[in-house]
1. For residues that are over 27 Å from the mean Cα position of the chain (by Cα) and more than 7 Å from every other protein chain (Cβ to nearest Cβ), scanning just the stretch B:29-48, find the one that is farthest from B:Ile412 (Cα to Cα).
2. Among the helices (runs of 4 or more DSSP H) lying completely within the stretch B:121-236, list those that include at least 1 residues that are among the small types (Gly, Ala, Ser) and more than 25 Å from the chain's Cα centre (by Cα).
3. Which helices (runs of 4 or more DSSP H) does the stretch A:124-192 wholly contain that include 2 or more residues that are free of Cβ contacts under 8 Å to residues at least 12 places away in the same chain and over 19 Å from A:Val247 (Cβ atoms)?
4. Output the number of residues of the stretch A:35-50 satisfying the condition of being outside any loop (DSSP other than H, G, I, E, B) and either outside the structural domain of A:Glu179 (by TED's automatic domain parsing) or surrounded by fewer than 24 Cβ atoms within 10 Å (Cβ to Cβ) (or both).
5. Restricting attention to the stretch A:387-431, and to residues there that are assigned to a strand (DSSP E or B) and among the aliphatic types (A, V, I, L, M), which single residue is farthest from A:Phe161 (Cα to Cα)?
6. Applying the selection to the stretch A:110-124, what residues are closer than 23 Å to A:Ser192 by Cα and more than 7 Å from every other protein chain (Cβ to nearest Cβ)?
7. Strands (runs of 3 or more DSSP E) wholly in the stretch B:426-507 with at least 2 residues that are at pLDDT 90 or above and in contact with a helix residue (DSSP H, G or I) (Cβ under 7 Å, 6 or more places away or on another chain) - which ones?
Amino acid sequence: MAGLFGPASVFAQKGGAFPLTHYRLKNGLNVVLSEDFSLPVVSVAVAYGAGSILEPQGKTGMSSMMENLMFSGSANVPPRQHFNYINRVGGTFNALVSEDRTVFYETVPSNRLSLLLWLESDRMRSLEIGAKAFEDARSALLGDLQDRRANDPYFESSRKFDELLYGDFAHSHSLLGTEADVRSLTIEDLRSFYAANYGPNNAVLCITGSFDKLRTRELVSQYFESLPRGRDPSPPAGPLALARKRVLQSFVEPAATSPAFYLGYRLVAPRSSDFYTLTILDYILFRGRSSKAARRLLNPDAKIAYRLSGGIERRRDRSVYKIFVLANNEVMIEYCQTALFSEFDRLKSSPLREDELNRYKAMFKQDYLSRLSTTVDRALYLGDYFLTLGGFQEFGLDLEKYMSVTAEDVVGIVARYLTPDNSIILDVRTK
Amino acid sequence: MRTRAFSLGLGLAAVLAAIPLAGQQERFRKTPPAPESLQLELGLPPLSPPAVLSNGLKVSVAYREGTGFMGIELLIYAGESASPAGAPGLATFVASLLSQGTQVRSAAELEEVVESLGGTFFVNVNQDYIRVSLHVLEENLDKALDFLAQILLQPQFLDRNIADIRRMISYDLQDKEQSPEFAAKRQLYRLLLKGHPYERLAFSRDFLRPWTVREVQDFFDRFYRPNNAHLILTGNVNLSQATRKISHVLNTWAPGDIALPPIQPVRPPEKERICLVDLPQSREACYVFSGTAFPRPSTPDRAALMVLNQVLGGSLGSRLLMNLRESKEYANYAFSELEIYREGGLLFVRARVLPEKVVPALLEIQKEIRSLAGANPALAGEIEPAKTYLLGNFPIGLERFEQFTARMADIIGLGAGEELWNGYYAQVMLVDPDRVLKAAQAFLQRPFVTVIAGDRASLADRLSVLDAYDIFDAKGQFIATYAKDKKGALHEAGGMRPEFQRGPGQK
């Protein structure tokens, strides 16, 4: 059979609660199939390994514009009709773009799978970036930038903090780009960016739900096999080494009315061995109202912060903790920092009780399973998993790794990563 | 259309597909592929009759495996229609207090328990029932049932908690009242259901009384009884397992003497009416809500109404959007919605229109509504796509666990059954142009009430072409009536017109 379908490294395995088959077409397109016959629906996610990380200096904003332009029509699909085709059959669709990926995803009744493959293959092979669509996408992005500036008085400081935390231009520059760059982009820039990064060999096609596997492989082959291979994607830069010296800087936000600070730590590559404990630690420290940090800073009886947000964040091959705290005045800012550091110290000196750790793990498991609850959630998860690890060798062991984190693991991780030397702080002052 | 040259793939597709020549593409790419046959059933177990425990509690299960979650939905038949007449909000109040603590656990401790179950807990109040929802990791079902039992059997209502909830509901309403859409819809709802117990759901901050512990406790004692409730377990469980587990924790829940006054069917409005909700902050946009009310339709009528709604304004290709936004450019959007309750239903249009086009938009909305019942009935070419949408979207709307449990609660809460479950497909398939026309004639030829939400000062000139309209403030308080005199001039005409001072059917 493998001969019929190309040189694929075809294998199937039981992955966690759902089956999974992964193979690769000759043009480099990775295909993941996962059947689920619970309901007569099917989802498709096409995840491209294309995000702002791939934008060179002076050309920022291209990945955000591309997310928009991918709906601007292709050889056989008129502009902005992608959503009409899906809406007419009762389906749903959406797209997302991040620093390291752009994903298009849809769900339709199971008898319309071929419609999705037709739509997705058409824009993968023949996207038409016309002058009007280009200008519309540019205006939309400039509008987003304007809105963001108007609504987020901490926008500039967040950019500055990302520079400190991620260390290089590729990882740290904003997904939205800068106004100057966006204004100077040309239609040819976008066409080149598309040609280089939105080809089959930089994508993974995930199909989940109720479908016949053999028939689906035929359809995938029909629609995608003849698509030409694009340029080979650049290899990841690799994780950053932990910081060796505490970084402390300040930044003035003229429009902000309250002082704030960012606190960050460089961590390991996503899904490397420490990552599982770091994720559970994220729940212990930062997730929800009962997290250690929220209880300490936002406790209604002794509230010392207005707002606490953040947690673990991933960008391709790097992960970090990134926390933002807003407080009433400079004195409270200091209190908040001291309180956070003392929580970290406490975690090092007295391991969590078992029932406490189990509560955080239950919260994590709830989120984890919720992220897999629909066919489209699962398609997104599979795409994310593949783009992060480049394969499914350890697929299905994920949840177990998270759930087997112990209190001692947490102590070790806090001691290793949440150290003063590895901390990066940006104090944000009002004018 | 531009075509491009592509190298041939070597797989099966190359054999199956027409071979593209240089400068051409494969033939199959030119048009969207034809659909395969649609699966006309959910493939889920049918709804079976509920089991009834010795204390009168009804128990149902909705089987769903592979999610990792169990859902507990407790329906208490004491929605806002059970709140005292003239003092709405009590049902919402009592439901909100359930998470504020029990005799043995504080609110914070309850929250921790829910977290430790990997769960979520919320209550939702509608016209007909209160829905207490607890979704947990499936291995924690027994603990979750213990948690539910504690809330029901050991509730604690404290003055402090009542004050907190009052503040919380008040802030929430204040926040929502900033939205012109919320203000418009609430006002429409009030006008259409005036005098009916369902009107109580549309309460505003002014109606929030400082309830006493006694009043709260009395409401709880009266309505939160097993013989006034239905418990639905959703997940990998069968009815006998569910009955045994629930009986184990809730067998001491004592039944009560539930004497609910019967709720009369909703009556349609007797006259057309136009109202303006004055929102001085809303100068840039203007919202039009126009709807009618009716007694609960039969299941076949409901299916025909769903298709009718789809043709009128249920999706992006519907008549309203095509006309008001795409053709006339009067509106940013224009949709219609259908809501069905135990004793009635509403069909209404909601549109965001350009303030300078408010009257033409209103006229177009009325024209679109009326024409479906006469001059321009829905054609087969509109009805079939509408059915395709409804049939295709139905299982997608059940995928998320929360959606699945909510749908189940809705079916049982409405006293419906299999006809809205696996039977949904057959109901929609049976709808034809004749049925849609009959539904349009039965439901769309009734008087419609229209609410315009926007800045009165900006809209006054534009509304001067109307014969009469009533003005309300953002909270829904009547301000004035404007009516034309014999010379055609519009004047403030004092109090509310007598015909609108009572609800439909009231003498």
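1. Across the stretch B:29-48, the extreme among qualifying residues is B:Thr31.
2. So the answer is B:141-153, B:159-176.
3. A:131-151
4. 1
5. Only one residue tops the list, namely A:Val428.
6. Listed by number, the residues that qualify are A:Leu119, A:Glu120, A:Ser121, A:Arg123, A:Met124.
7. B:449-454, B:468-472
Here is a yes/no grid of residues against (1) in contact with an Asp or Glu (Cβ under 8 Å, 6 or more places away or on another chain); (2) farther than 23 Å from A:Arg271 by Cα; (3) surrounded by fewer than 22 Cβ atoms within 10 Å (Cβ to Cβ); (4) in the same structural domain as A:Arg24 (by TED's automatic domain parsing):
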position: A:Ala140; (1), (2), (3), (4): no, yes, yes, yes
position: A:Asn151; (1), (2), (3), (4): no, yes, yes, yes
position: A:Lys160; (1), (2), (3), (4): no, yes, yes, yes
position: A:Thr178; (1), (2), (3), (4): no, yes, yes, yes
position: A:Asp181; (1), (2), (3), (4): no, yes, yes, yes
position: A:Ala196; (1), (2), (3), (4): no, yes, yes, yes
position: A:Leu205; (1), (2), (3), (4): yes, no, no, yes
position: A:Asp212; (1), (2), (3), (4): no, yes, yes, yes
position: A:Arg229; (1), (2), (3), (4): no, yes, yes, no
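The values are calculated or read from the model by the stated rules, or taken from the named source; none is laboratory data. Everything numeric in this text was worked out from a predicted model, so none of it was measured. Positions of Cβ are generated from backbone atoms using ideal geometry, with glycine treated the same way; all protein chains shown enter the neighbour counts.
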